[in-house]
Number of protein chains: 2
Amino acid sequence: MNALSSSTLASLIADLGDIPTVTDAKIVRRRSRDFFWYSPILNEQLDGKSADLIVAPRDEADVVRVAAACARHRVPLTVRAGGTGNYGQAVPLEGGVLLDVMALATIEWTKPGIMRVGVGAKMNAIDTELQSSGWELRMHPSTKRTATIGGFVAGGSGGIGSVNYGGLREPGNILAARVVTVEEEPRIIELRGDAAQKINRTYGTTGIITALEMPLAPAWKWIDVVVVFDDFMEATAFGYEAALADGIVKKVLAPITSPLPSYFGALKPYCPDDKSILIAMIAEPSLESFKSLLGGRGTITLETPTDDSPGQVPLYEYTWNHTTLQVLKSDRSVTYLQCLYPHDRLLEKVAEMRDLFPDEVLQHLEFIRFNGRVTCSGLPVVRYRDADRLNEIIRLHEERGVYIANPHVFTVEDGSRYKRIEADQLGFKHEVDPYGLLNPGKMRSFTSTRP
Amino acid sequence: MNALSSSTLASLIADLGDIPTVTDAKIVRRRSRDFFWYSPILNEQLDGKSADLIVAPRDEADVVRVAAACARHRVPLTVRAGGTGNYGQAVPLEGGVLLDVMALATIEWTKPGIMRVGVGAKMNAIDTELQSSGWELRMHPSTKRTATIGGFVAGGSGGIGSVNYGGLREPGNILAARVVTVEEEPRIIELRGDAAQKINRTYGTTGIITALEMPLAPAWKWIDVVVVFDDFMEATAFGYEAALADGIVKKVLAPITSPLPSYFGALKPYCPDDKSILIAMIAEPSLESFKSLLGGRGTITLETPTDDSPGQVPLYEYTWNHTTLQVLKSDRSVTYLQCLYPHDRLLEKVAEMRDLFPDEVLQHLEFIRFNGRVTCSGLPVVRYRDADRLNEIIRLHEERGVYIANPHVFTVEDGSRYKRIEADQLGFKHEVDPYGLLNPGKMRSFTSTRP
């Protein structure tokens, strides 16, 4: 399904000069995928989509050159980094160039509380680098060990750490972004403050990010903790109390219903049969207070320093969308949803959804702050029947006030909770991608006004 | 109004050996006061109350000796440190010993996120000491420059920093307390976790605290900011947004209504006539995000690093109960209240109270977290008419869902929002102070069962 004529491809490559490219179809096809296959629906829709070639800029000057060449030849361009997304963010819908930005991984500078870093830096590498100076990223996805900071900002919403700082969309969580426009003469634009939100969660369709300025959090010594409960609602109620306890420093609080822990491979020794668990990351100096708050309500079966160095599996890799992955390892019939619970009726709504789909939607929750309130994100594991039933489950959630960001669609709009693009993001796209070359089809509200 | 016979006094002093004492009536009377005079009602009730002597233990062993002697002779004992409280916490209601614990000021140890410190350490000295290791106290009152950690824990509820960590009563904000009992053979009790709450806000009536284990916060470079608004409700609405913005690191957010800033001495150049202001402490790396959130809604007139070194006046000394003090400096006819607004109807209730007492109750608010929710504490300046009207104002607040911790009463119970003592605090008092010698009358629910 290559989209480029061989002559266009040849002229394009000639224009790229010594910038590394890959045209081996097998490699290009493999790299044109991300983790969209968690969704059986996307798996059908996106299977086989591929770029024509991979281009791997070595620095921002290379990015400018690629952008200019793509604009000149009207060749689609899809940005790709770690490829850990689940929405086909890195899948070129109309072929063209797959821009692998992993080489733009330099930490430009750090100062207390802020860093400036290349888009392709892996988040785990960033945190390792920052460790000695006492800082760490404020939040990261469960894919931290392979994902990049740029991919997270372009496609993520929040994650481990959002129980403290809220999501990426909250003021102050992305300080600045530097983007290259896709034009014959590309411009480099620095977006600061609110303006930086123009590139958040638009899947690379609103300019090619080359660098990011990110706020940092003071680094704590984190302790991975598993607490076992007889009942999921007890785990949730305690998790909620711990989330609300501002004197207890934590990074993740994730209640997980039985029988999900039975799929948790290496963690199974700490997860008795038929029990629900709470996974927590607690700052070491807060551990005593955490236990004091727990009292006799649950049993701690594991307590060990968080370790996400190579070869280790930190507990956060059982939370957020890694829960789904842990189950998919042995049961390919499941998929997932993305829920946001209302902060003012939280426990009531969790119980209501539980009763509605007792064996079909298996809940796990991640406490977060959202607009300054403690609530839950939830990525339940769904025993998949068919698309109709999945859409019915979504509808039944939304009718009852549990918002769904649908992960079974591939456009920016449909996956949004608002089913639309923020006005300034759409306007900005006209400015930075006038020909609509950045993964055409991904932002479906956009129509180019330029031929 | 000395309570001790000269023979009891002489035997007591003999029993104290070489522990320093002061019996000069003038000095003893002066030290038997705190800042209760903010309240015209307390000022009448407590004026003239005095200890018989000051005893100044040099270490915990001295404290034990004093406690034993007081128990043996059935002499009342009132603990006193910085004397910055407003509820007569340091005022001996029935004379006896005034125990000055300021010499117990040693930092026993610090480790990442935790310190253990003597009860009499000044909070400013603690923060200065911690600075180099990158830590600071999580919260402090506006009297930080003279108040001690023990006085804060024994009499305070929260303060600057509570917008992040909630109050002292929240889990994890007091890790442990060491107390000496008042018995013929005093015991030393270590209270950890929840149990440490037994000495929080009981004004020294539940044991003599000698040391505290306190959680620490990562230290930021704080910037003092004044933002000017045409209207108080605009200042409050913006302050609320900033409080809810979890990506913006702050330590205080205090909207202050016109005309209060006109009383602000050295700050007046930054406070245009008839305007309301917001006082903020923002972490330097979050300052750009703070301004981005502000947009054009207010005007920043001051932006300077927080400096609470000797001779400097940090902005937090215009917030919390220092606002009252600033006004009292030139107008002795005012007093104040202590309000807690409901988190779910915050702006509505602030506006409602404003309309109810437009010129009589002058609002300033301090955003805090309380039980995990963002809300406001408020210590409005009240143009005082008489006690009846003051009680009517209190009633009108409470009827409308704004809770009042009454600062015009001197017992623990009456000043509490719950008008009672927590059961475990009362029980604990029987254990540590069986004869009821710790400032008798201060905890009025307590009746000694021992002669």
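The values are calculated or read from the model by the stated rules, or taken from the named source; none is laboratory data. Here the structure is a predicted model, which is why all the values come from computation and not from measurement. Cβ placement follows ideal geometry from the backbone for every residue including glycine, while neighbour counts extend to all protein chains displayed. The protein model used for the area step is the full one, side chains on, heavy atoms only, and it has no ligands, DNA or RNA in it. Shrake-Rupley method; radii C 1.70, N 1.55, O 1.52, S 1.80 Å.
Against the numbered list (1) within 14 Å of chain B (Cβ to nearest Cβ); (2) farther than 19 Å from A:A280 by Cα, A:T375 comes up short only at (2). Just one of (1) hydroxyl-bearing (S, T, Y); (2) open to solvent by less than 40 Å² (accessible area, probe 1.4 Å); (3) within 14 Å of chain A (Cβ to nearest Cβ) fails for B:T110. It is (2).
Sort through A:A196, A:A242, A:A237 and tell me the only one that's within 14 Å of chain B (Cβ to nearest Cβ), of a type in the set (G, A, S), surrounded by fewer than 23 Cβ atoms within 10 Å (Cβ to Cβ) and not in a strand (DSSP E or B). Only one candidate passes the filter, namely A:A237. Listed by position, the strands (runs of 3 or more DSSP E) contained in the stretch A:283-396 that have at least 2 residues being under 30 Å from B:V374 (Cα atoms) are A:365-370, A:373-378.
Of all residues in the stretch A:244-267, count the ones that are at pLDDT 95 or above, over 30 Å from B:A196 (Cβ atoms) and of a type outside the set (A, V, I, L, M, F, W, C). Number of matching residues: 6.
Per the listing A:E136, A:E129, the residue uniquely open to solvent by 10 Å² or more (accessible area, probe 1.4 Å) and away from chain B (no Cβ under 13 Å) is A:E129.
Would the stretch A:79-93 turn up any residue that is among the aliphatic types (A, V, I, L, M), within 29 Å of A:P215 (Cα to Cα) and outside any loop (DSSP other than H, G, I, E, B)? For the stretch A:79-93, residues among the aliphatic types (A, V, I, L, M), within 29 Å of A:P215 (Cα to Cα) and outside any loop (DSSP other than H, G, I, E, B): present. Only one of the numbered conditions (1) more than 14 Å from chain A (Cβ to nearest Cβ); (2) open to solvent by less than 20 Å² (accessible area, probe 1.4 Å) is violated by B:I223, and that is (1). Put simply, of A:S142, A:S157 the only residue that is among the small types (G, A, S), touching a Gly at 6+ places or on another chain (Cβ under 7 Å), more than 14 Å from every other protein chain (Cβ to nearest Cβ) and not in a helix (DSSP H, G or I) is A:S142. Summed over the stretch A:171-190, the residues that are surrounded by 24 or more Cβ atoms within 10 Å (Cβ to Cβ), within 13 Å of chain B (Cβ to nearest Cβ) and under 26 Å from A:L98 (Cβ atoms) give a count of 1. Taken together, the residues in the stretch B:335-348 that are touching a helix residue (DSSP H, G or I) at 6+ places or on another chain (Cβ under 9 Å) and buried (at least 18 other Cβ atoms within 10 Å of the Cβ) amount to 7. For the condition touching a strand residue (DSSP E or B) at 6+ places or on another chain (Cβ under 7 Å), in the same structural domain as A:G239 (by TED's automatic domain parsing) and aliphatic (A, V, I, L, M), A:L379 qualifies. Of all residues in the stretch B:351-405, those being among the small types (G, A, S) and surrounded by 18 or more Cβ atoms within 10 Å (Cβ to Cβ) number 4. All conditions in (1) within 12 Å of chain A (Cβ to nearest Cβ); (2) in contact with a strand residue (DSSP E or B) (Cβ under 6 Å, 6 or more places away or on another chain); (3) not β-branched (V, I, T) hold for B:E303, with the sole exception of (1). Summed over the stretch B:341-355, the residues that are out of contact with any Lys or Arg (no Cβ under 8 Å at 6 or more places or on another chain) and more than 13 Å from every other protein chain (Cβ to nearest Cβ) give a count of 6.
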